[in-house]
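Student: Dropping a structure here in structure tokens format, bear with me for questions.
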Amino acid sequence: MGERAKEWLLAAGAGAAVGALSAAAVMNLLFSRSKRREGYVQNLLESNGMTAGNACSSRHLGTGGSSDLLSDEVVSEQLTRNIQFFGMDSQKKVTESYVVVIGLGGVGSHAASMLLRSGVGRLLLVDFDQVSLSSLNRHAVATRDDVGTPKALCLKKHFSMIYPECQIDARVQLYDPSSEAEILSGKPDFVLDCIDNIDTKVALLAACVRKGLKVLSAMGAGARADPTRIRVADLRESSNDPLSRSVRYRLKKEHGIEGGIPVVFSLEKPKAKLLPFQASKEEETPADYQIVPGFRVRIIPVLGTIPAIFGQVMASYVVTQLAGLDFQTEPVVNLDLDHYRILHQRLIEHEEQAYGTAEQVLVDAEDVMYIVKELWRGRSARDQSQDTGRKMWRSVNELMLVRWDKSKPAGVSNLILLKFSEADTHESTTLDRIEEEEPEFYSMVSRVLKRAEIEYAL
């Protein structure tokens with residue numbers, strides 16, 4: 001063997017040795033760190049009267065999470081990405097919050113899981129049902145070993161190993177009027193309705209409105225496949241969803257509630273219907289298979305990804321609300337690009353007629369889309385605070401854009417959407433008069449247009 005070859009072999013051997021030593025050092029470091037964390041978690045579990053095997057029996061504590069959790073090294077590192085996103089003070093609000101999740105199937109299990117991973121300090125998990133083999137296609141944490149286990153206890157067991165600092169109360173219980181006071185006590189910061197039975201859902205939503213509790217409700221996630229059509233909006237604005245329609249009708253008829261409840265829903269029309277009931281014996285009826293009287297026994301086909309996304313959306317909405325992060329949900333406005341072009345052309349014609357030129361129109365059709373959809377949500381500025389519900393404008397036949405302040409150009413932060421008759425009235429008055437006679441309307445418009453200034457960096 002030549003000298004050069006020997007040098008290469010020696011170098012390779014030395015490199016391998018150094019690499020092995022480096023790998024060993026890294027492994028020792030990771031192992032040491034892992035053991036420290038393992039010891040920490042074990043001590044925490046033991047202090048709560050638990051072990052890794054029976055972590056699901058954690059004690060029930062008072063309302064809210066511990067206010068000093070984020071000062072702990074392990075907890076703060078586990079939540080470090082959230083802290084970086086929200087800031088320490090806002091993440092502390094999340095950690096000190098108390099959230100109730102009712103219904104722990106495909107939607108509820110994923111919502112609860114991400115609330116936990118986001119650092120919510122206390123969770124109440126409520127469901128009367130058990131994990132089934134067929135539910136594993138959409139459940140957040142359940143395994144085959146969990147089949148037959150109550151869903152609430154299944155989640156508590158897994159959650160206690162993910163974030164053992166969370167105070168978890170799991171109840172194998174059916175929500176109904178008799179359990180309402182118990183389940184909704186303790187002043188929860190948010191209630192998540194993930195129930196798929198309409199009677200129970202309506203009762204829960206009505207109770208939350210009556211008690212003044214913040215609630216977010218999941219509508220129909222079954223028989224759908226398009227994740228891009230999932231939205232968050234007021235119950236009044238949900239469409240193409242039979243469950244939303246039924247809930248809306250029942251709430252109005254039985255409780256006088258017409259809206260004001262945020263919901264997660266899909267604009268996609270269901271791609272399948274309930275499967276027909278199949279009895280094992282000729283004399284059997286659907287009622288023979290009901291676990292609880294009145295609950296559905298026919299099955300709706302479910303693509304597991306969609307309820308999972310519903311749950312993730314719910315968790316994201318709630319966590320940002322708890323943290324105080326303000327954002328505007330995308331409005332449900334059924335206008336296409338041609339409609340925005342019409343509004344843009346109508347603005348140009350109005351400017352030429354009112355001011356003799358359209359030179360001060362500083363927006364194009366894309367800007368008009370932002371103004372109409374994002375700022376005014378497809379409605380006249382005069383309708384923003386009214387209970388218009390599903391009667392929102394779905395046509396541009398009666399709408400036009402006009403300047404708010406006639407002394408300024410027709411830019412993004414100086415255009416309001418009005419009906420023709422309202423536009424005529426607005427053009428004949430002054431901002432000083434509006435501020436004096438309609439201070440609330442003046443303040444609302446000013447806030448909306450200020451948002452445009454900020455978002456367009458004007």
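Student: Over what distance in Å are the Cα centres of region 328-360 and region 148-162 separated?
Tutor: 54 Å
Student: Not counting ligands, DNA or RNA, and with a 1.4 Å probe, what is Y317's accessible surface area in Å² rounded to the nearest 10?
Tutor: Taking all protein chains as shown, Y317 has close to 40 Å².
Student: Before I look further, what does region 302-386 give for accessible area per residue, probe 1.4 Å, in whole square angstrom?
Tutor: Numbers: 4010 Å² over 85 residues.
I get 47 Å² per residue for region 302-386.
Student: In square angstrom, what is the accessible area per residue of region 392-458 with a 1.4 angstrom probe? Don't skip to the end; give the middle numbers.
Tutor: Numbers: 3650 Å² over 67 residues.
On a per-residue basis, 55 Å².
Student: With N set to the residue count of region 180-235, report its C-alpha Rg divided by 2.2 N^0.38 Å to two decimal places.
Tutor: On the way: Rg = 12.9 Å, N = 56, 2.2 N^0.38 = 10.2 Å.
Ratio of Rg to 2.2 N^0.38 Å for region 180-235: 1.27.
Student: Using just the C-alpha positions of region 95-214 as equal point scatterers, what log10 of I(q)/I(0) does the Debye formula give at each q in 0.11, 0.21, 0.22 1/Å?
Tutor: At q = 0.11, 0.21, 0.22 Å⁻¹ the computed log10 ratios are -0.33, -1.18, -1.28.
Student: Also, I was wondering about something else. Which links in K201/K253; K157/K214; K187/K253 stretch past 22 Å when you go from one Cα to the other? Write down the numbers at each step before the final one.
Tutor: On the way: K201/K253 15 Å; K157/K214 27 Å; K187/K253 28 Å.
Pairs exceeding the cut-off: K157/K214; K187/K253.
Student: Still on this structure, I have one more. I'd like the accessible area for D68, computed on protein heavy atoms only with a 1.4 Å probe and all protein chains in place. Round to 10 Å², please.
Tutor: 90 Å²
Student: So with the 1.4 Å probe, I'd like the accessible area per residue for region 175-252, rounded to whole Å².
Tutor: 40 Å²
Student: Accessible area of region 162-229 with a 1.4 Å probe: how many percent of it is carbon plus sulfur?
Tutor: Working: 1250 of 2510 Å².
Carbon and sulfur together cover 50 percent of it.
Student: Sorted by accessible area with a 1.4 angstrom probe, largest first, how do E330, E165 fall?
Tutor: Numbers: E330 80, E165 25 Å².
Listed by decreasing accessible area, they come as E330, E165.
Student: Keeping all protein chains in place and using 1.4 angstrom, which order do R236, R379 fall into by accessible surface area, from largest down?
Tutor: Correct descending sequence by accessible area is R236, R379.
Student: Cβ neighbours within 10 Å, averaged per peptide: list 134-145, 88-99, 208-219 in order, most packed at the top.
Tutor: 88-99, 208-219, 134-145
Student: So, one more: Could you sort M114, M400 by their accessible area in this structure, using a 1.4 Å probe and putting the largest first?
Tutor: On the way: M114 60, M400 20 Å².
Listed by decreasing accessible area, they come as M114, M400.
The values are calculated or read from the model by the stated rules, or taken from the named source; none is laboratory data. No experiment lies behind these values; they were computed from the predicted model shown. No Cβ is skipped: glycine too gets one built from the backbone with ideal geometry, and neighbour counts run over all protein chains shown. Surface areas here come from the heavy atoms of the whole protein model, side chains and all, with no ligands, DNA or RNA. Shrake-Rupley method; radii C 1.70, N 1.55, O 1.52, S 1.80 Å.
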